[in-house]
Amino acid sequence: MNLERALQTFIEESRELLSAMEDALLALESAPGDGDAINAVFRAMHTIKGSAGLFGLDAIVEFTHVAESVMDRVRSDEIAVDESLIALMLRCRDHLVTLIDDLASGQQGEHAAVGAALVQALQALLGGGSNATVAVATENAAPQPEAGANATTGEGVGNDAWHISVRFAGNLLRNGYDPLSFVRYLATLSEILHVEPVTDALPPAQEMDPEECYLGFEIRLAAGPAQADIEAAFEFVQDDCSLLILPPHAPLTDYALLIATRPEADEQLGALLVSCGALTEAEVAQVLSAADATPELVVAATPAPAVAPAAAPAARQGREATTVKRSSSAIRVDASKLDQLIDLVGELVIAGASAEVMARRSRDRNLMEANSSVSQLVDAIRDSALRLRMVEIGETFNRFRRVVRDVSQELGKEIELTITGAETELDKSVVERIGDPLMHLVRNAMDHGIETAEVRVQQGKPAAGSLKLHAYHDSGSIVIEISDDGRGLDKERILAKAQERGLVAAGQTLSDQEIYGLIFQPGFSTAEQVTNLSGRGVGMDVVRRNIDALRGAIELDSRPGVGTTVSIRLPLTLAIIEGFLVGVGEAAYIIPLDSVVECIELDHGAIGQQNYLNLRGRVLPFLRLRELFHSRGQPARRQNVVVVRYAGQSAGLVVDRLMGEFQTVIKPLGRMFRHLRGFAGSTILGSGEVALILDVQDLIRTATERHCHAAEIAAECVETV
Amino acid sequence: MSKTIMIVDDSASLRQVVSIALTGAGYDVVEAFDGRDALTKLDGRKIHLVISDVNMPRLDGIGFVQEMKTVPAYKFTPVIMLTTESGDAKKRQGQEAGAKAWVVKPFQPQQMLNAVAKLVLP
């Protein structure tokens with residue numbers, strides 16, 4: 001049996017269960033009576049135990065068994081949910097995560113001591129731990145005397161085979177059992193020498209209930225199997241049958257007992273036993289003559305009373321009401337298959353664009369019509385394909401409940417985490433890569449932002465610090481905010497540090513935003529004391545690099561004494577975007593449509609050589625892409641300015657031609673172009689040409705810098721004059 | 001014609017292993033991830049045996065068996081329930097619902113095959 005793939009499923013499933021268990025435990029912290037959460041913890045242990053047994057993972061089985069027992073007591077209110085229990089179960093969860101990780105990596109870590117300590121703690125809760133160990137094999141084969149070994153106190157019969165006498169209860173068929181299946185199973189244990197059906201109980205046809213079982217068997221089974229094995233054949237119907245098993249060479253008195261206890265007429269049954277080969281006629285005669293003196297019953301097996309009808313419907317309703325809320329009718333799909341689908345959809349979009357170019361060129365109205373409905377469908381397919389990859393950010397957020405809990409204990413601070421917008425969706429590949437930067441920011445906020453309880457109380461704040469994770473959609477981006485109500489950033493200290501590190505020239509005046517931006521510079525860390533948590537050399541610059549790699553932006557806002565908010569702005573997807581196609585010289589470029597605000601005509605006369613314009617009373621810095629990209633050829637007679645906006649900042653991009661909206665499949669630039677600034681990727685146009693996708697965030701920064709630089713020079717000129 | 005067995009359990013890996021074992025022994029297997037799912041798969045096809053976990057989301061094993069027994073086509077379908085040692089009260093409930101056969105979790109694949117063979121041979 002090749003269980004390799006099943007084992008992978010087990011690993012994945014266990015991880016999911018353990019993460020659900022963690023969520024449930026943290027939920028219990030605020031609502032200790034939450035039945036659903038208790039059940040979720042129980043189920044995680046229960047399911048992992050059940051599956052681990054199949055793979056012979058005894059260590060996991062034994063561990064989860066104890067934890068499951070504890071949770072079972074919790075379910076029945078015998079053990080109370082308190083902080084120590086939650087802490088213990090969390091540690092158990094962590095231990096299981098290590099065990100599963102070991103299993104996944106094929107390594108054997110040394111965790112026995114941790115496990116033993118936890119088991120001990122769990123058993124202390126169980127009070128003694130009488131049922132604390134479980135063997136994987138549960139069929140406790142009690143030592144049974146070998147066939148024939150117990151033969152004969154007194155005269156044994158000549159029969160050298162097992163004799164099995166069985167009468168089934170009336171409701172056997174209704175319970176779904178087929179009498180024949182047991183006989184067939186016996187045949188797998190040993191050779192059936194003879195079967196004699198007993199049909200005496202069968203009533204006349206008009207009285208017969210076709211759902212009722214009236215059958216019995218007298219079976220002679222060749223010696224070999226142990227009594228326990230034969231009994232086990234009937235284990236599922238032990239309540240629904242009367243079973244007598246006589247070993248080979250059983251004493252004649254046992255057969256006498258058999259004949260006496262069975263309802264059939266003694267003579268008739270005797271005849272059956274003879275034709276079965278169990279007894280000789282002489283033995284039967286001997287039994288029947290002695291029948292007057294009925295011996296005491298030794299082997300008792302009475303038919304079970306009729307089974308009560310199914311439980312009352314009321315009970316069923318109650319159960320349905322408590323069933324778990326979320327439907328789990330999800331399909332597990334390999335992520336690479338999804339990626340492949342998205343790739344194909346990307347190709348489809350490109351091919352569609354090329355077909356559209358052809359259709360337009362042909363000027364064939366019908367073709368254009370048909371093509372337009374195809375492209376509508378392609379759009380719809382693209383949207384649903386992209387939606388397949390969308391996951392809620394809540395799961396990522398929830399991981400921080402644990403982090404906040406553990407870290408706040410470690411720091412001796414009281415911190416409350418509030419999560420909002422957990423249902424906000426974003427691309428799975430983004431979710432996967434946002435975890436680390438978020439972790440860093442959350443830890444930073446707890447470590448440096450939020451003050452200790454004494455300081456907070458002194459300042460008139462509530463003793464418990466507040467940390468908020470908030471997510472929402474904003475024009476094609478998702479924004480994640482991490483805010484705390486701590487001491488805020490110390491501008492003076494940041495500036496001093498930046499000057500000390502040579503990041504800023506002395507005497508340079510910077511806006512608040514610019515000062516805060518300094519902490520994202522490489523080689524900047526304000527933590528004077530290096531704590532366990534942050535300040536490990538991994539600074540905010542790494543966070544920014546991670547966010548940049550996701551085509552995102554990070555921004556920081558802080559008020560001394562009130563708190564700090566870090567906003568991360570990320571694209572919803574990394575695969576396909578709506579683009580705005582523009583032409584500069586002979587080349588075409590794509591501007592992400594989400595960032596385009598408006599297009600205006602460039603008024604050469606009014607502008608001259610300056611690089612800003614007056615947009616309805618506001619200064620708008622702009623970049624001449626023609627100059628920036630050193631495009632050849634003559635500029636268009638009428639140039640346009642595309643006003644783009646990103647994270648609150650605007651700039652203009654001067655282009656030659658506006659070519660309209662375009663479905664853009666983002667292809668990453670090769671490694672050679674990795675350091676190129678101003679481009680976010682490339683795409684293929686319907687004509688087969690390559691167009692570069694502009695990195696709006698970077699261009700806005702460039703435009704603003706140039707503008708400021710020019711303004712400074714102007715200011716200096718004024719001073720010198 | 002091989003016999004069809006339905007395995008109802010919320011653990012995908014358990015279903016997978018049991019399914020591999022049963023298929024290897026010559027049975028056809030239908031999988032369901034909880035009671036509700038199992039009921040939708042009782043669509044008139046012949047099922048010779050149902051193996052069901054007790055503790056499942058949405059509709060648990062006992063509720064499922066009760067429902068199943070109300071469908072005429074599956075009234076006589078035998079059921080093996082999967083349980084843990086701690087489930088005595090559940091066991092009684094299950095027996096009332098018509099599930100007489102129980103196999104204790106955790107079990108080895110071979111144990112499951114033995115239990116199945118007692119009720120349905122391939």
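The values are calculated or read from the model by the stated rules, or taken from the named source; none is laboratory data. This structure is a prediction, so every number in the text was calculated from the model and none was measured. Quick reminder, even Gly has a Cβ in these numbers, built from the backbone with ideal geometry, and neighbours come from all protein chains shown.
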For region A:192-200, check the following and say yes or no: at least one residue is outside the structural domain of residue A:75 (by TED's automatic domain parsing), within 30 Å of residue A:58 (Cα to Cα) and modelled with pLDDT under 85. no
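Report, by residue number, each residue of region A:400-451 that is part of a loop (DSSP other than H, G, I, E, B) and hydroxyl-bearing (Ser, Thr, Tyr).
Applying the first criterion (part of a loop (DSSP other than H, G, I, E, B)) to region A:400-451 yields A:412-414, A:421-424, A:450-451.
Of everything in region A:400-451, just one residue is part of a loop (DSSP other than H, G, I, E, B) and hydroxyl-bearing (Ser, Thr, Tyr), namely A:424.
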Examine region B:101-113 for a residue that is under 25 Å from residue A:179 (Cβ atoms), of a type in the set (Gly, Ala, Ser) and facing chain A (nearest Cβ under 9 Å), and state whether such a residue exists. yes
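Going by the structure shown, is residue B:116 more than 9 Å from chain A (Cβ to nearest Cβ), modelled with pLDDT of 85 or more and closer than 25 Å to residue B:46 by Cα? Break it down stepwise before answering.
On the way: more than 9 Å from chain A (Cβ to nearest Cβ): yes; modelled with pLDDT of 85 or more: yes; closer than 25 Å to residue B:46 by Cα: yes.
Answer is yes for this residue.
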For residue A:95, state whether it is under 25 Å from residue A:19 (Cα atoms), in the same structural domain as residue A:49 (by TED's automatic domain parsing), within 30 Å of the chain's Cα centre (by Cα) and modelled with pLDDT under 80. no
So for region B:20-28 (the condition being within 19 Å of residue A:47 (Cβ to Cβ) and within 11 Å of chain A (Cβ to nearest Cβ)), does at least one residue qualify? yes
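Please pick out the residue among A:621, A:668 that is in contact with a Phe, Trp or Tyr (Cβ under 8 Å, 6 or more places away or on another chain) and under 23 Å from residue A:553 (Cα atoms). Before you say what the answer is, go through the steps one by one.
Working: A:668 fails: in contact with a Phe, Trp or Tyr (Cβ under 8 Å, 6 or more places away or on another chain).
Result: A:621 is the single residue among A:621, A:668 that is in contact with a Phe, Trp or Tyr (Cβ under 8 Å, 6 or more places away or on another chain) and under 23 Å from residue A:553 (Cα atoms).
I need the full set of residues from region A:178-201 which are closer than 15 Å to residue A:217 by Cα and under 51 Å from the mean Cα position of the chain (by Cα), in order please. It would help to see each step written out before you state the result.
Initial filter on region A:178-201 (closer than 15 Å to residue A:217 by Cα): A:178-187, A:192-201.
Hits for region A:178-201 are A:178, A:179, A:180, A:181, A:182, A:183, A:184, A:185, A:186, A:187.
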Touching a residue at least 60 places away in the same chain (Cβ under 8 Å) and surrounded by 19 or more Cβ atoms within 10 Å (Cβ to Cβ) - does that describe any residue in region A:535-542? yes
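Given the options A:372, A:429, name the one that is modelled with pLDDT of 85 or more and among the hydroxyl-bearing types (Ser, Thr, Tyr). Write out each step before concluding.
Details: A:429 fails: modelled with pLDDT of 85 or more.
Unique residue meeting the criteria: A:372.
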Single residue of A:368, A:439 found to be outside the structural domain of residue A:684 (by TED's automatic domain parsing), over 30 Å from residue A:453 (Cα atoms), out of contact with any strand residue (DSSP E or B) (no Cβ under 9 Å at 6 or more places or on another chain) and free of Cβ contacts under 8 Å to residues at least 60 places away in the same chain: A:368
Being out of contact with any Phe, Trp or Tyr (no Cβ under 7 Å at 6 or more places or on another chain) and modelled with pLDDT of 85 or more: is that true of residue A:327 here? no
Output the residues belonging to region A:478-511 that are in contact with a Phe, Trp or Tyr (Cβ under 9 Å, 6 or more places away or on another chain) and either surrounded by 15 or more Cβ atoms within 10 Å (Cβ to Cβ) or outside the structural domain of residue A:404 (by TED's automatic domain parsing) (or both). A:478, A:479, A:480, A:481, A:489, A:491, A:494, A:497, A:498, A:503
Restricting attention to region A:649-679, the residues that are part of a loop (DSSP other than H, G, I, E, B), under 26 Å from residue A:705 (Cα atoms), of a type outside the set (Lys, Arg) and without any contact (Cβ under 8 Å) to a residue 40 or more places away in the chain number exactly 3
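I'd like the residue in region A:239-261 that is in a loop (DSSP other than H, G, I, E, B) and modelled with pLDDT of 80 or more and, out of all such residues, is farthest from the other protein chains (Cβ to nearest Cβ).
Restricting attention to region A:239-261, the residues satisfying the condition of being in a loop (DSSP other than H, G, I, E, B) are A:239-240, A:247-250.
Subset that is modelled with pLDDT of 80 or more: A:247-250.
On the way: A:247: 21, A:248: 23, A:249: 27, A:250: 24 Å.
Out of the qualifying residues, it is A:249.
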If we ask which residues in region A:14-39 are at the interface with chain B (Cβ under 10 Å from one of its Cβ atoms) and crowded, with 22+ Cβ neighbours inside 10 Å, their number turns out to be 2
